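To keep things clear, I will list the structure first and then write my remarks on it.
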There are 2 protein chains.
Amino acid sequence: MERLDARGQVAMPGLVNCHTHAPMVALRGLAEDLPTEEWFNDVVWPVESNLTEKDVELGARLACAEMIRGGVTCFADHYFAMDAVAAVVAECGIRAHLGQAYFSSQGEQGRQQSLEFALHHRGGAHGRITTALAPHAPYTVTDADLAATADLARAHGLPVHLHASENRDQADTSLARHGVTPIEVLERTGVLDADVLIAHGTGILERDLSVLARARGRTAVASAPRGYLKFAWPTTTPIRALREIGVPVGLATDGAASNNSLDVWESMALTSLIQKSTEGDPRWLTSRQALHHATLQSARAVGLGDRIGSIAPGRRADIVLVDLTGPHTQPVHDLAATLVHSARSSDVRTTIVDGRILMRDRELLTLDVPAVVRELGERMPALLDRSHGRRIQEYDT
Amino acid sequence: MERLDARGQVAMPGLVNCHTHAPMVALRGLAEDLPTEEWFNDVVWPVESNLTEKDVELGARLACAEMIRGGVTCFADHYFAMDAVAAVVAECGIRAHLGQAYFSSQGEQGRQQSLEFALHHRGGAHGRITTALAPHAPYTVTDADLAATADLARAHGLPVHLHASENRDQADTSLARHGVTPIEVLERTGVLDADVLIAHGTGILERDLSVLARARGRTAVASAPRGYLKFAWPTTTPIRALREIGVPVGLATDGAASNNSLDVWESMALTSLIQKSTEGDPRWLTSRQALHHATLQSARAVGLGDRIGSIAPGRRADIVLVDLTGPHTQPVHDLAATLVHSARSSDVRTTIVDGRILMRDRELLTLDVPAVVRELGERMPALLDRSHGRRIQEYDT
């Protein structure tokens with residue numbers, strides 16, 4: 001047993017990043033100041049058609065380094081070549097909830113690979129890896145494929161992690177084309193009968209609330225507010241309405257290609273600020289609530305509500321030590337407010353996952369950032385080449 | 001001459017905090033999740049009735065430490081007992097634009113003290129201190145006092161720094177009570193004939209734009225978006241409209257009692273995000289523009305547009321070195337985006353003001369934070385006592 005000197009520091013549960021595409025850190029800052037459609041069609045999806053397993057591996061290493069330094073002890077990832085991500089998770093010691101993404105445009109193979117990934121890696125890395133089926137979204141996966149996914153989820157006891165009603169446009173287009181919202185699509189295809197993690201949900205409409213209420217206990221939503229502002233989406237995740245129907249909302253960063261960082265600490269502060277502003281109520285979403293979303297509600301959202309998200313006997317030791325001695329965090333009149341509104345991810349001194357120290361006094365113990373950055377830099381010209389005119393998918397909600 | 005090893009770092013102009021109440025760091029986190037009126041009347045103004053010069057001195061030291069660590073090389077302060085702030089500025093080496101605040105409830109004495117402060121300290125600290133007359137706001141200072149202030153500004157060649165149209169409520173109340181907006185009050189009392197720095201301006205209305213356009217070249221606005229979200233104000237500073245009429249908008253944090261930090265880096269990122277969201281336009285307020293607001297436009301806002309705000313021959317050496325080697329700032333595809341959306345204030349390694357190094361490799365060279373925190377802590381019970389039932393002013397827009 002090792003003793004850590006943590007004078008002037010606070011121990012708190014590690015933050016959980018409920019929805020990201022970790023390897024996309026390779027594209028950080030590549031597609032700036034663009035509407036969603038151009039971001040996907042002109043930059044991200046063309047570039048992703050070049051993606052190799054090695055790119056994913058290096059991106060995942062860089063992402064894990066960033067998250068461990070930012071006090072994130074668990075992340076839910078939804079991406080491609082996820083075997084490489086699982087290997088990085090095993091190697092660096094972080095906890096993760098992983099799903100191999102697929103589109104219907106890949107044919108049955110995509111869904112099959114997602115299932116194989118989920119079954120193969122479930123319980124991996126000494127139990128630190130949990131898995132999900134990961135259809136991309138109702139606008140890129142057909143109803144038939146969603147229904148088949150729901151069947152697989154039931155048959156194998158797997159959760160589903162997908163994007164749905166990401167923004168109001170998607171909800172409106174779904175209504176216009178199919179007469180149902182994306183959330184209603186999830187219900188009628190049986191997806192909501194599984195444990196489901198819905199990313200974003202800023203397009204969740206009033207009529208969706210009763211649907212989600214019926215799936216209470218199985219459904220959660222991940223909110224990554226920074227990207228919604230950056231894309232100028234007209235709404236944010238309706239956290240207050242979801243709370244009223246008992247649906248947990250975890251916090252997230254989405255990928256760094258849109259969010260520019262994997263900083264859940266910032267998501268926590270932004271969630272409080274944007275919720276106050278959106279609801280027109282300064283008393284709503286206090287710092288205490290923001291901490292609850294970033295820890296225990298996030299843990300529930302990734303199906304780990306009984307294992308992580310709080311510091312208590314019987315829970316896994318996913319703990320971060322936060323330095324409060326800096327001038328920007330003094331004096332401390334209200335600890336929750338200090339943590340959410342004054343502290344920054346860079347105030348995390350030490351990060352512990354499953355009892356193992358992954359960062360001590362800001363020093364990463366399991367990852368070599370300069371080596372990753374160098375190797376990633378060498379691969380960049382091939383990764384960024386868009387002269388081929390291909391893209392992995394078309395954004396057309 | 002000293003050489004600094006800054007490999008992996010970017011040199012950029014120091015950020016300018018265009019509007020704060022630096023000593024209010026002592027109240028950081030004391031009045032959380034409250035509407036503006038309760039924040040003022042129930043907590044801040046009662047506590048401020050206990051304020052001593054020593055509290056202000058300690059608060060200013062803590063604030064300067066935080067700002068220097070966050071890459072802020074100049075701040076505009078609007079507070080009480082400003083002699084103490086001026087002394088701290090002289091001692092710690094930062095640059096500042098200082099004004100002694102006053103309400104009409106103080107009688108003529110308040111205005112007189114504001115003038116004496118401005119004349120006495122103008123050009124102080126080897127030219128690092130500039131000064132302003134600092135009436136509090138049109139809702140706490142009468143038209144007659146504003147007119148007298150305008151006369152003093154003209155007679156002594158001093159600028160004016162005040163709050164005006166902070167929020168929509170103030171504008172609406174002014175219209176209902178007096179038939180004019182707060183901005184129109186500034187015009188008719190002659191304040192807009194002086195060089196004026198207007199804090200916040202989230203209540204600036206369409207009809208105010210022609211008024212401000214007539215004051216172009218003399219007027220600037222300071223925007224501190226975090227507090228507007230936290231108070232759930234319905235609008236933010238109309239930066240796009242102000243840009244169209246040629247009024248510079250500097251970035252700010254306001255005091256830490258509302259903003260919870262003096263982190264202009266965060267104001268820069270939030271300004272970009274909130275402007276995109278508010279205008280419904282992801283192409284607006286790019287990272288390059290955000291940097292321009294935080295540096296050169298902020299410098300202009302505090303009357304120092306020809307001395308600081310850019311790195312160029314003839315400018316004062318107010319420079320910060322920003323480390324971009326962290327995993328959260330790699331790779332760099334777009335330097336401006338990396339600085340605004342991925343880097344954090346904690347990535348500032350070295351802060352230089354007027355050619356003097358105030359922080360080197362994160363070590364503060366002119367301030368002793370633990371000593372300040374200790375001494376401030378001892379004074380806290382007396383400072384926070386609200387049993388007397390007094391307050392320095394009433395919030396009633």
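The values are calculated or read from the model by the stated rules, or taken from the named source; none is laboratory data. Predicted model, so just to flag it, every value in this text is computed and none were measured. Cβ: placed from backbone, ideal geometry, glycine included. Neighbour counts: every protein chain shown.
Details
- Filtered residue count, the range B:87-96, keeping only those that are touching a residue at least 40 places away in the same chain (Cβ under 8 Å) and in contact with a Gly (Cβ under 7 Å, 6 or more places away or on another chain): 0
- Test: residue in the range B:347-357 that is under 23 Å from A:S342 (Cβ atoms), touching a Ser or Thr at 6+ places or on another chain (Cβ under 8 Å), assigned to a strand (DSSP E or B) and touching a residue at least 60 places away in the same chain (Cβ under 8 Å): yes
- Extreme residue, farthest from A:R3 (Cα to Cα), among residues of the range A:358-374 that are of a type in the set (V, I, T) and in a helix (DSSP H, G or I): A:V373
- Some residue of the range A:302-312 being out of contact with any Gly (no Cβ under 7 Å at 6 or more places or on another chain) and within 14 Å of chain B (Cβ to nearest Cβ): no
- Scanning the range A:182-213 for residues that are part of a helix (DSSP H, G or I), charged (D, E, K, R) and touching a residue at least 40 places away in the same chain (Cβ under 8 Å) yields A:R188, A:D193, A:D208.
- Residue that is farthest from B:L304 (Cα to Cα), among those in the range B:248-287 that are facing another protein chain (nearest Cβ under 9 Å) and of a type in the set (G, A, S): B:G280
- When the range A:350-397 is filtered for residues that are within 21 Å of A:A96 (Cα to Cα), surrounded by 17 or more Cβ atoms within 10 Å (Cβ to Cβ) and either in contact with a His (Cβ under 9 Å, 6 or more places away or on another chain) or within 14 Å of chain B (Cβ to nearest Cβ) (or both), the ones remaining, listed by number, are A:T351, A:D354, A:L358, A:M359, A:L364, A:T366, A:L367, A:V369, A:V372.
- Being at positive phi and either modelled with pLDDT under 95 or in contact with a Ser or Thr (Cβ under 6 Å, 6 or more places away or on another chain) (or both) is true of A:L285.
- Test: A:E394 is acidic (D, E) and closer than 24 Å to A:Q9 by Cα: no
- Hits in the range B:293-327 - residues which are among the polar types (S, T, N, Q) and under 22 Å from the mean Cα position of the chain (by Cα): B:T295, B:Q297, B:S298, B:S310
- Residues in the range A:274-293 that are among the hydrophobic types (A, V, I, L, M, F, W, C), part of a helix (DSSP H, G or I) and over 20 Å from A:V332 (Cα atoms): A:I274 alone.
- Total residues in the range A:228-247 satisfying the condition of being facing another protein chain (nearest Cβ under 10 Å) and within 18 Å of A:S298 (Cβ to Cβ): the figure is 2.
- Scanning the range B:294-307 turns up one or more residues that are out of contact with any Lys or Arg (no Cβ under 9 Å at 6 or more places or on another chain), in a loop (DSSP other than H, G, I, E, B) and surrounded by fewer than 24 Cβ atoms within 10 Å (Cβ to Cβ).
- Residue ID - farthest from A:H200 (Cα to Cα), chosen from residues in the range A:18-45 that are β-branched (V, I, T) and either touching a helix residue (DSSP H, G or I) at 6+ places or on another chain (Cβ under 6 Å) or part of a helix (DSSP H, G or I) (or both): A:V43
- Against the test of being in contact with a strand residue (DSSP E or B) (Cβ under 8 Å, 6 or more places away or on another chain) and of a type outside the set (G, A, S), the options A:T20, A:T36 yield a single qualifying residue, A:T20.
- Test set (1) within 16 Å of the chain's Cα centre (by Cα); (2) farther than 20 Å from A:A257 by Cα - A:V85 fails condition number: (2)
- Across the range B:1-55, the qualifying residues are those that are among the hydrophobic types (A, V, I, L, M, F, W, C) and over 22 Å from the mean Cα position of the chain (by Cα), and the one among them that is surrounded by the most Cβ atoms within 10 Å (Cβ to Cβ) is B:V10.
- When residues of the range A:215-242 are limited to those that are closer than 17 Å to A:L197 by Cβ and charged (D, E, K, R), the one surrounded by the fewest Cβ atoms within 10 Å (Cβ to Cβ): A:R216
- Selected residue [farther than 30 Å from A:R61 by Cα, not aromatic (F, W, Y) and not in a loop (DSSP other than H, G, I, E, B)] from B:G389, B:G314, B:G377: B:G377
- Per the listing A:R226, A:R177, A:R216, the residue uniquely part of a helix (DSSP H, G or I) and either polar (S, T, N, Q) or more than 24 Å from A:A22 (Cβ to Cβ) (or both) is A:R177.
- Residues located in the range A:25-42, provided they are within 7 Å of chain B (Cβ to nearest Cβ), under 15 Å from B:L273 (Cα atoms) and of a type outside the set (G, A, S): A:E32, A:D33, A:L34, A:P35
- The range A:317-346, subset in a helix (DSSP H, G or I) and not small (G, A, S), residue surrounded by the fewest Cβ atoms within 10 Å (Cβ to Cβ): A:L335
- Residues located in the range A:70-87, provided they are in contact with a helix residue (DSSP H, G or I) (Cβ under 6 Å, 6 or more places away or on another chain) and hydroxyl-bearing (S, T, Y): A:Y79
- Residues that are facing chain B (nearest Cβ under 7 Å), more than 15 Å from B:S258 (Cβ to Cβ) and in contact with an Asp or Glu (Cβ under 9 Å, 6 or more places away or on another chain), drawn from the range A:329-341: A:Q330
- Any chance B:D254 is assigned to a loop (DSSP other than H, G, I, E, B), within 30 Å of B:V43 (Cα to Cα) and at pLDDT 95 or above: yes
- Take the conditions (1) farther than 30 Å from A:W233 by Cβ; (2) of a type in the set (S, T, N, Q); (3) touching a residue at least 60 places away in the same chain (Cβ under 8 Å); A:T73 misses just one of them, which is (1).
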